[in-house]
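Read the structure below first, then the notes.
The values are calculated or read from the model by the stated rules, or taken from the named source; none is laboratory data. The shown structure was predicted, so the numbers you read here are calculated from the model rather than taken from an experiment. A quick note on method: Cβ atoms are made from the backbone with ideal geometry, for glycine too, and the neighbour counts reach across all protein chains shown. The area values use the complete protein model at the heavy-atom level, side chains included, leaving out ligands, DNA and RNA. Shrake-Rupley method; radii C 1.70, N 1.55, O 1.52, S 1.80 Å.
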Amino acid sequence: MIKISADLFDPWHEVVAYQDSAKHWTGKFGATNVFVGTMRDFNDGDAVTGMVLEHYPGMTEKQLEDIVKQATRDWHLLDALVVHRVGEIKPNEPIVLVAVWASHRGDAFDAGRQIMEALKNKAPFWKKERLPNGDERWVEHNTDGYLRSPKNDMSTILG
Amino acid sequence: MIKISADLFDPWHEVVAYQDSAKHWTGKFGATNVFVGTMRDFNDGDAVTGMVLEHYPGMTEKQLEDIVKQATRDWHLLDALVVHRVGEIKPNEPIVLVAVWASHRGDAFDAGRQIMEALKNKAPFWKKERLPNGDERWVEHNTDGYLRSPKNDMSTILG
Amino acid sequence: MSVKVRYFASLKDSVGRSDDMVDVNGAVTVAEIWAMANANRLMPDNILAAVNMEYVDIEHSVQNGDEVAFFPPVTGG
Amino acid sequence: MSVKVRYFASLKDSVGRSDDMVDVNGAVTVAEIWAMANANRLMPDNILAAVNMEYVDIEHSVQNGDEVAFFPPVTGG
């Protein structure tokens, strides 16, 4: 399920409520991976007092649905939930939740990360940060989520 | 923090309670990755009605602490929480929770997965499953959490 | 034919509008739609374009009634 | 010297005991501790061994007062 929320949401409550509503896979899921992105009170070395999250209504939902469908084709998943905040956001508030349920942990980790990277690269959201002096600035681009992962030598994470 | 629990625990409540208690990194974490392993009602093709989880008190805690320390050396983490159930467990009850908090999502995903794989390989826990006919059987080994990940061709997960 | 053009985020600020209606005759590409709507402004290098809410490259041809959108790199999550 | 030996999980079931006390003279390895405690039983191939709650290989030498543990592959998580 995809949800775009203009209101503060509690990611852990969302996970529990969704899981409890999905009685048809109760007892079938062994592995749940949840990622929560939270607004920090600093970015690029500066204090940040808030942000506004703009999106492209319609296209955002469409892209997120495609992203989840792709993950469902690539990995064995029972279900997935994506919730993303829009509008005015304050530090320490959750921005994004990606939760996936699978039988096995490898699928849960891989699918959760794939959805999150695709969301960062393709879902039409834009952040405008508010600085303590009242200035506003658009965030220019997202960083690579695999930046510190050993791309060429996977031995660390592949054991 | 490491917790071994003989009682049913609520992983989402544990995450919230721990996060709320850690006021020194409020506003500093941008990325939380949570893995929850849940007991399924089947395994290896058979229905399973319950299990007993044995551990080696003292060594289990020591190994888990070493695993978390190693993840803290390998990735930029703010904190980590590991909770593992022991004793009598019923289907649909959580067995393990691994939660990590970081500034950036790459560290959160990599560290969470590394802790989970190390736990599966090193932490002295053993599962004995109970079958519908009353028989019991020891689970013989854990499977590789990277089994379906493209080990040799990382393009899918490394984008 | 008539094509709706939309701008988002920092591009909306720099263009100074959130949308345009462009009337065109015959075959036209996304890049040409930009040029018609923004006669005095080159398309920024890192711009992303969508037609009917799907990503396209700027040589994609536009049909009557399409919604064309231009926006900077996305920064959600 | 005196060494405590512990068994876990399916190994505890097959050995039929949860622990032993072994008295030894002089230098001794983990493998030799197994042999002294289980005279009629070869050590299973896939066994894991720990001394004082740290993993060791079976040629690791044991000191007075050590706790030696043997167990099958772990299956937690």
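Placing a label point 7 Å from Cα along the Cα-to-Cβ direction at A:Glu136 gives distances to the equivalent points in the other copies of 6.5 nm, listed shortest first.
What ranking of B:Met51, C:Met43, D:Met36 comes out by heavy-atom accessible area, probe 1.4 Å, highest first?
The ranking, largest first, comes out as D:Met36, C:Met43, B:Met51.
For region B:52-69, the Karplus equation 6.51 cos²θ - 1.76 cosθ + 1.60, evaluated at θ = phi - 60°, returns couplings of 10, 9, 9, 9, 10, x, x, 5, 4, 4, 4, 5, 5, 5, 5, 5, 5, 4 Hz by residue, with Gly and Pro reported as x.
Normalised by the number of residues in chain B, the average gap of Cα pairs under 8 Å and 6 or more apart makes the relative contact order 31 percent. Within 10 Å of the Cβ of each residue in A:57-64, the mean number of Cβ atoms contributed by other protein chains is 4. Phi angles of region A:72-78 translate, via the Karplus equation with coefficients 6.51, -1.76, 1.60 and θ = phi - 60°, into HN-Hα couplings of 5, 6, 7, 9, 7, 10, 8 Hz per residue; Gly and Pro are given as x. What's the magnitude of the charge dipole for the protein assembly as shown around its Cα centre, counting Lys and Arg as +1 and Asp and Glu as -1 at the beta-carbon? Answer in Debye, nearest 20. Roughly 260 debye for the protein assembly as shown.
In percent, rounded to a whole number, the relative contact order of chain C is 42, using alpha-carbon pairs under 8 Å and six or more apart.
Packing-based ranking of C:25-33, A:107-115 yields A:107-115, C:25-33, ordered from highest to lowest mean Cβ neighbour count within 10 Å. The 3J(HN,Hα) values that the Karplus relation (6.51, -1.76, 1.60; θ = phi - 60°) gives for region B:43-48 are, in residue order, 7, 6, x, 10, 5, 10 Hz. Gly and Pro appear as x.
Ranking B:His104, B:Val36, B:Pro91 by how far each Cα lies toward the positive end of the dipole of chain B (charges on Cβ) leaves B:His104 at the top. Beyond 21 Å, what percent of the Cα pairs of region C:2-71 remain? Of the Cα pairs, 12 percent sit more than 21 Å apart.
Measuring between their Cα centroids, region A:75-112 and region B:8-24 lie 18 Å from each other. Solvent exposure of B:His76, expressed as accessible area, is near 120 Å², computed with a probe of 1.4 Å over the protein chains only. Computed over chain B, the per-residue total of -39500 (n - 2.57) for DSSP H runs of n ≥ 4 gives a 222 nm mean residue ellipticity of -9500 deg cm²/dmol, rounded to 500.
Under 5 Å from the amide H of A:Gly50 lie the amide H atoms of A:Arg130, each residue being 5 or more positions distant or on a separate chain, with H modelled from the backbone and absent for Pro and chain starts. Projecting each Cα onto the charge dipole of the protein assembly as shown (Lys/Arg +1, Asp/Glu -1 at the beta carbon, about the Cα centre), which of C:Val74, B:Val48, B:Trp126 comes out farthest on the positive side? Looking along the dipole axis, the top candidate is B:Val48. Only Lys, Arg, Asp and Glu carry charge here, each on its Cβ (+1 for the first two, -1 for the last two); on that basis region B:2-158 has a dipole of about 400 debye about its Cα centre.
Would you kindly find the accessible area of D:Tyr55, with a 1.4 Å probe and non-protein molecules such as ligands, DNA and RNA excluded, rounding to the nearest 10 Å²? Accessible area, nearest 10 Å²: 80 Å². In the context of the full set of protein chains, residues of region D:2-71 present 52 Å² of accessible surface per residue (probe radius 1.4 Å, heavy atoms only).
The distance from the alpha carbon centre of region D:22-77 to that of region A:120-140 is 59 Å, rounded to a whole number. Charging the Cβ of each Asp and Glu at -1 and of each Lys and Arg at +1, and nothing else, the dipole of region C:2-71 about its Cα centre rounds to 240 debye. Positive-end ranking of D:Val56, D:Ser10, D:Val24 along the dipole of region D:2-71, with charges on Cβ about the Cα centre, is headed by D:Ser10. The mean number of Cβ atoms from other chains found within 10 Å of a Cβ in peptide D:46-53 is 3, as a whole number. Listed cross-link partners A:Lys23/B:Lys28; A:Lys62/B:Lys90; A:Lys127/B:Lys3; B:Lys120/D:Lys12; B:Lys3/B:Lys90; B:Lys62/B:Lys90 are compared with a 31 Å cut-off, the Cα-Cα value being larger for A:Lys23/B:Lys28; A:Lys62/B:Lys90; A:Lys127/B:Lys3.
When a 1.4 Å probe is rolled over the protein heavy atoms, the share of accessible surface on the protein assembly as shown that falls to carbon and sulfur comes to 49 percent.
The calculated FRET efficiency for D:Met36 paired with B:Glu65, based on their beta-carbon distance and R0 = 41 Å, is about 0.80.
When chains D and B come together, the accessible area they lose, probed at 1.4 Å and totalled over both chains, is close to 1900 Å². Heavy-atom accessible area buried between chains B and A is around 4600 Å² (1.4 Å probe, both sides summed).
Counting Cβ atoms of other protein chains within 10 Å of each Cβ in A:114-120 and taking the mean gives 4.
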